[in-house]
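Inspection log for the structure reproduced underneath, given as structure tokens.
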Amino acid sequence: MAQGTIADIGVIGLGVMGRNLAANLADHGAMVAGTDLDAGRRAAFAAAVPNGVACETAEELLAALKAPRVVLIMVPAGPAVDALLAALLPRLSDGDVLIDGGNSHYQDTRRRAALAAEAGVHFVGLGVSGGEEGARRGPALMAGGTADGIGRVAPLLQAIAARAADGTPCFARVGPDGAGHFVKMIHNGIEYADMQLIAEGYHLLRHLGGFSYDRLAETFAAWNGGELASYLMEITADILRTPDPETGAPILEVIQDAAGQKGTGHWATTTAMELGMPAPTIAEAVHARCLSALKGERLRAADTFPPPPPAATLPETFAADVGDALLCGRIAVYAQGFAVIAAGSARFGWDVDLAAVASVWRGGCIIRARLVDRILAALTRAPDLPNLMFDPDIGALLARGEAGWRRAVGAAVAAGQPVPAMASALSYWDGYRSGRLWANMIQAQRDCFGAHGYERTDRPGMVHTQWGR
Ligand code: 6PG
């Protein structure tokens, strides 16, 4: 039971993320009030945050907060956030700050920020990355909202955020209203695509290269010690050396090959399309999860359509080629993601500082990777770079890995092994660096069947041809 207005921040929603963020806030000296509809979760909060204020209702929580009140909402994205907003707004006062730390859609956040502003309340859409461990020990935090609103909570958020290697907190105000959740959505799109690349790398080495799990674990661990170092690479090496506690078999052998998803990769893909900015590898990663989920159909098709026979010998360089494909693919994926953020920023007038986004992604988040240091350096050198692949340092990495990348994709294609992320990233790169593409044919077809008109190469303006059919 709350007594007096003593708490610095209230957390509504004490599931895994809410409870761990609350404990993290308490570690950094904040007096935290927490509430949840579920009594078990309230009890877990009381145990995890012994000096916290466990409240039975949101009203009680609001009464326990110092003014101006700061409330962090950690409930599932969607209608639950709207319901809470409707319940809280009439009870909040001018200058209070409401933070949504869930994976909300940025358009919802834009709408909610406008609604809150009418009531004089600052609404902060906060992208939180790092899972349970990140929430507890240091997440990456991408905030969208008014400078004033975020300014009020910045000291708290900075304190609980992860630290980059140079000690900088992995927290930034990336822009107004929906910008924080937009950046988090693209973070997740990159997460999907990098996970897919890594999964393809594992699958190729295992099923084409015939690698044992020990050798796989060694290979991924070695990659994690070099240019490919990343959190996802590190957990992959750990996964590869993990036995199933029930059978003792490598755990991957007993895990069903049908991937789940909660929707942020899908949002990243549709948003990229709405903005007209290509993000094919992010899209492929979503499609690949959908394809994997068609397990029954795949089993039937596997019986019906056997794959081509594997090549008798693989190139000596096969493992290194796969590594090149992973690094070049990763570069293409981050390039796609940053290009979509730049496009979103331009569309909504957010003025997102891409270097600040890269800085936040150096620690705490799922996509933290050595490559992000190079990206930060590139964006610091040239903030208006149209695409990360133009940076001489990043371009040199691509040039170094390109031949191996092509060999890896070629070997997979020849053997009938699906590599949608590696191949789409390569086509993105090949398309991006092609001064003349196939789109002249598309334009001719559009004009032929629909009189859509086309531009000529030799003079400006739209023209139409009488195709004589
Ligand atoms: C993070 C993650 C996290 C996301 C999960 C689940 O940054 O900590 O992106 O926010 O919700 O990774 O995503 P899927 O269930 O869609 O794979």
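The values are calculated or read from the model by the stated rules, or taken from the named source; none is laboratory data. What you see is a predicted model; the values in this text were computed from it and never measured. Every residue, glycine among them, receives a Cβ derived from its backbone with ideal geometry; neighbour counts consider all protein chains shown. Please note that ligands, DNA and RNA were not included when accessible areas were found on the heavy atoms of the full protein model with its side chains. Shrake-Rupley method; radii C 1.70, N 1.55, O 1.52, S 1.80 Å.
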Would you please name the residue that is nearest to the ligand (Cβ to nearest atom), looking only at residues in the stretch 112-130 that are part of a loop (DSSP other than H, G, I, E, B) and buried (at least 20 other Cβ atoms within 10 Å of the Cβ)?
-> Gly130
In the stretch 39-65, the residues that are over 14 Å from Ala23 (Cβ atoms) and part of a strand (DSSP E or B) | Cys55, Leu65
Under 9 Å by Cβ, and 6 or more places apart or on different chains, what pairs join a residue from the stretch 452-469 that is modelled with pLDDT under 95 with one that is open to solvent by less than 100 Å² (accessible area, probe 1.4 Å) and outside any loop (DSSP other than H, G, I, E, B)?
-> Arg469/Cys448
Unique match (being surrounded by fewer than 22 Cβ atoms within 10 Å (Cβ to Cβ) and in contact with a Lys or Arg (Cβ under 7 Å, 6 or more places away or on another chain)) among Gly40, Gly15, Gly4, Gly29 = Gly15
Which condition number does Asp108 fail, the rest of (1) open to solvent by 10 Å² or more (accessible area, probe 1.4 Å); (2) within 15 Å of the ligand (Cβ to nearest atom); (3) closer than 19 Å to Asn188 by Cβ; (4) not in a loop (DSSP other than H, G, I, E, B) being met?
-> (2)
So which residues in the stretch 53-84 are open to solvent by less than 10 Å² (accessible area, probe 1.4 Å) and either in the same structural domain as Gly344 (by TED's automatic domain parsing) or in contact with an Asp or Glu (Cβ under 7 Å, 6 or more places away or on another chain) (or both), if there are any at all?
-> Ile73, Val81
Ile198: closer than 14 Å to Gly127 by Cα, in contact (Cβ under 8 Å) with a residue 24 or more places away in the chain and assigned to a helix (DSSP H, G or I), yes or no?
-> no
Across the stretch 365-394, which residue is nearest to the ligand (Cβ to nearest atom) among those that are open to solvent by less than 10 Å² (accessible area, probe 1.4 Å) and assigned to a loop (DSSP other than H, G, I, E, B)?
-> Cys365
Taking Leu92 as the residue in question, decide whether it is more than 16 Å from the ligand (Cβ to nearest atom), at pLDDT 95 or above and touching a helix residue (DSSP H, G or I) at 6+ places or on another chain (Cβ under 7 Å).
-> no
Of the listed residues (Ala179, Ala229, Ala162, Ala172), the one being within 13 Å of the ligand (Cβ to nearest atom) and at pLDDT 95 or above is Ala162
Of the residues that sit in the stretch 239-271 and are within 16 Å of the ligand (Cβ to nearest atom), without any contact (Cβ under 8 Å) to a residue 40 or more places away in the chain and outside any loop (DSSP other than H, G, I, E, B), which one is surrounded by the fewest Cβ atoms within 10 Å (Cβ to Cβ)?
-> Thr270
Give the residues of the stretch 272-313 that are under 22 Å from Arg330 (Cα atoms), open to solvent by 40 Å² or more (accessible area, probe 1.4 Å) and outside any helix (DSSP H, G or I), sorted by residue number.
-> Gly276, Met277, Pro278
Any residue at all in the stretch 85-98 that is assigned to a loop (DSSP other than H, G, I, E, B) and within 28 Å of Arg362 (Cα to Cα)?
-> no
If you check Ala87 against the conditions, is it at pLDDT 95 or above, within 15 Å of the ligand (Cβ to nearest atom) and open to solvent by less than 50 Å² (accessible area, probe 1.4 Å)?
-> no
Selection from the stretch 415-469 of residues open to solvent by less than 70 Å² (accessible area, probe 1.4 Å) and at positive phi yields Gly416, Ala451, Gly453, Gly461
Condition broken by Arg381, with the remaining ones in (1) more than 17 Å from Pro278 (Cβ to Cβ); (2) out of contact with any strand residue (DSSP E or B) (no Cβ under 8 Å at 6 or more places or on another chain); (3) in contact (Cβ under 8 Å) with a residue 60 or more places away in the chain satisfied = (3)
Can you spot a residue in the stretch 31-38 that is within 30 Å of the chain's Cα centre (by Cα), of a type in the set (Gly, Ala, Ser) and outside any strand (DSSP E or B)?
-> no
Flagged in the stretch 131-156 as away from the ligand (no atom under 16 Å from the Cβ) and either open to solvent by 10 Å² or more (accessible area, probe 1.4 Å) or not in a loop (DSSP other than H, G, I, E, B) (or both), in numbering order, are Thr146, Ala147, Asp148, Gly149, Ile150, Gly151, Arg152, Val153, Ala154, Pro155, Leu156
